[in-house]
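The structure under discussion appears below in the form of structure tokens.
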């Protein structure tokens, strides 16, 4: 991992430093947020963080979009004990998303559980969490809510929308819903629509949560999370995020102790790893949010010309990145995005990067992604002449 | 354009392409040809390249490029998407040449093809007198590691165009240092053709 090659001092030097999560509330009663399902709800709060400085003409703003279990904390640390944000290798001074030049915004999705309004939020009318009364969400709902935040900043046109996996879906949805408001989009390790295989994994994930009696039809608040179900759900996820090769390199068949237990203990390191990840996840992520968000990404479908509706020209530029060992979002799905763009003569770049990390690569492979993203943004922001001055 | 370190074929293609046009370069490498066109002639450029290191080179230059092989990459482009489709020094590596040129003529108004001439005098000498597969400046690879799968002469290509009903708009024959005017099939190491579809 790139991360490990750096010394601690280097990491601190390249970090955005101490950051603070902020909150934006909109859609007050009488002016509720309308969901794609037809339901309406308000008020809605979005948790967000920003890094760097918005320039006077508000032309340097980049919206970074998180994946399924991500949050608004994309870079820096929120205090002494805090972990660095989920894309800290990519966001900071001199990094791919260079905070010396750009203003980066990242918000937690609607329906999430990291400070934005979701099923675990308290319904002001009942004083209890919404649980399954929360409206079903879609990727378009996530994007429409983010648009309100961008309006709040007074930003007319984003320089870029970027993200991996579900973050990439949001980037595509931004280009589809608000083509005039995004100058460029960077969808990474993502798809125009889930395949039956991807829906199937999500269905097993949902069933494992709902099969846990502790789930109580979604009304587990006050009783504790459906720990067994949620941790199994996350274990399934982690298997799909890695590759055969990365698992071999990370665990092989190594044992936790020297001998077999001849019992159902975690004998192999890979078992211990999955159990640890599962148990950890229960502490940080709401089970209902996991159900809602997995459903949203299964519903997502911008295939069949929906990415760029007919009769409309768009001047959004695209950079599409895939990873060779990603079998959860295989390269053919990114190539499908490229084909949709070719048909409409959209300016685009596509690169399949070599990596052994599987779907996780978009979080880990900083170096090659940095080269691509940095120069793509430079061209988008400055055009050719400045790129030339920087000396190629 | 700065002419130092720029190969004769690139200089020739650079002069052919009209300012402000839309250009697709098949097998664009690190964008050595596209970059000056974009910088000096405000061309709207798109590259296609299979090598991922070369793609990083293109992106560093601010060029748009698709990671793909030439043979699979053309189908989705609508008709007349480009003013020029360039197939320079890459046609000899293509298996289905006929299909690629046909598709290129569909998506581009003009197709610029550049290739090494297998009937160049130095190649003939090597084959005739030394009995060895030619290795020359324009055909630099040994037989066992050449990426080339097609070996053709200028005469072969002209005949191909005639049979396929393709109109040759311009033809340029290049020696190692300058343009060749006489007996190109013997004296030119490289050829550049500008093609278009014959009107029905």
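Values quoted throughout were computed directly from the atomic coordinates according to the rules given, and no laboratory measurement underlies them. Since we're looking at a predicted model, the values are computed, not measured. A quick note on method: Cβ atoms are made from the backbone with ideal geometry, for glycine too, and the neighbour counts reach across all protein chains shown.
Report the antiparallel proportion of the DSSP beta bridges in the protein assembly as shown as a percent, rounded to a multiple of 5.
Of all bridge pairs located within the protein assembly as shown, approximately 40 percent are antiparallel.
Inverting the mean 1/r over all pairs of different Cα atoms, compute the Kirkwood radius of chain B and quote it in Å.
One decimal place: 17.3 Å for the Kirkwood radius.
Points 7 angstrom from Cα along the Cβ direction at residue A:55 and residue A:269: gap in nanometres?
Modelled inter-label distance: 4.7 nm.
Nearest 0.05, what FRET efficiency do residue A:180 and residue A:39 give at R0 = 35 Å with Cβ-Cβ as r?
FRET efficiency, residue A:180 to residue A:39: 0.80.
Can you tell me the order of A:231-237, B:38-44, A:263-269 when each peptide is scored by its average per-residue count of other Cβ atoms within 10 angstrom, highest first?
Sorting A:231-237, B:38-44, A:263-269 by mean packing, highest first, produces A:231-237, B:38-44, A:263-269.
Can you give the three extents of the C-alpha atoms in the range B:1-112 along their principal axes, from longest to shortest, in whole Å?
Taking the Cα atoms of the range B:1-112, the three principal extents are 35, 29, 23 Å.
Output the peptides B:24-34, B:161-171, A:274-284 sorted from most to least packed, where packing is the average of other Cβ atoms within 10 Å over each peptide's residues.
Top of the packing list down: B:24-34, A:274-284, B:161-171.
When the Kirkwood radius is taken over all Cα pairs of the range A:199-283, what Stokes-Einstein diffusion coefficient follows at 20 °C and 1.002 mPa s, in µm²/s?
The estimated diffusion coefficient comes to 152 µm²/s.
Take peptides A:179-187, A:147-155 and line them up by average Cβ neighbours within 10 Å, highest first, as a rough protection proxy.
The most tightly packed comes first, giving A:179-187, A:147-155.
To the nearest Å, what is the center-to-center distance of the range B:1-71 and the range A:195-273, using C-alpha atoms only?
About 48 Å separates the Cα centre of the range B:1-71 from the one of the range A:195-273.
For the range B:71-114, report the translational diffusion coefficient in µm²/s to the nearest whole number, using Stokes-Einstein at 4 °C, 1.567 mPa s, and a Kirkwood Rh over Cα pairs.
126 µm²/s
For the range A:194-299, what relative contact order do you get, as a whole percent, if you take Cα pairs closer than 8 Å and at least 6 residues apart?
Normalised by residue count, the contact order of the range A:194-299 is 34 percent.
Can you pull the mean other chain C-beta count within 10 Å for peptide B:34-43?
Whole-number average of other-chain Cβ neighbours for B:34-43 is 1.
Please report the base-10 log of the normalised intensity I(q)/I(0) for the protein assembly as shown, using a Debye sum with one equal scatterer per alpha carbon and no solvent, at each q in 0.11 (1/Å).
Values, matching the q order: -1.04.
Under 10 Å, Cα contacts only: if you run a Gaussian network model on chain B, which one of B:136, B:155, B:146 comes out with the highest mean-square fluctuation?
It is B:146.
Taking only DSSP H segments of four or more residues, each worth -39500 (n - 2.57), what value at 222 nm results for the protein assembly as shown once the sum is divided by all its residues, to the nearest 500 deg cm²/dmol?
Rounded to the nearest 500, the figure is -10000 deg cm²/dmol.
For an R0 of 56 angstrom, estimate the FRET efficiency from the Cβ-Cβ distance between residue A:203 and residue B:197 and round to the nearest 0.05.
According to the calculation, E is roughly 0.65.
Work out, step by step, the length gained on full extension between residue A:82 and residue A:32: first 0.36 nm times the residue separation, then minus their alpha carbon distance; give nm to one decimal.
So the chain would gain 14.5 nm between residue A:82 and residue A:32.
What is the Å³ per residue value for the convex hull set by the Cα atoms of the range A:39-142?
138 Å³
With equal scatterers on the alpha carbons only and no solvent term, can you work out the Debye log10 of I(q)/I(0) for the range B:1-57 at 0.15, 0.26 1/Å?
Each listed q corresponds, in turn, to -0.40, -1.11.
For peptide B:53-59, how many partner chain Cβ atoms fall within 10 Å of a residue's Cβ, on average?
That average works out to 5.
With label points built 7 Å along Cα→Cβ from the Cα atoms of residue B:18 and residue A:14, find their separation and express it in nm.
4.7 nm
Could you work out the Rg to Rh ratio of the range B:96-177, with Rh taken as the Kirkwood radius (inverse of the mean 1/r over all Cα pairs)?
Ratio of gyration radius to Kirkwood radius for the range B:96-177: 1.00.
In percent, how large is the relative contact order of chain A, given Cα pairs closer than 8 Å and 6 or more residues apart?
17 percent
In degrees between 0 and 90, to the nearest 10, how far off the longest principal axis of chain B does helix B:154-163 point, with axes built from Cα atoms?
Helix B:154-163 and the main axis of chain B meet at about 60 degrees.
Across bins of 10 angstrom width beginning at 0, how are the C-alpha pair distances of the range A:226-355 distributed, in whole percent?
10, 27, 28, 21, 10, 3, 1
May I ask for the Kirkwood hydrodynamic radius of the range A:116-273, worked out over all distinct Cα pairs and given in angstroms to one decimal?
19.2 Å
Report the far tail of the P(r) of the range A:72-129, meaning the percent of Cα-Cα pairs longer than 20 Å.
Across the range A:72-129, Cα pairs with separations above 20 Å total 42 percent.
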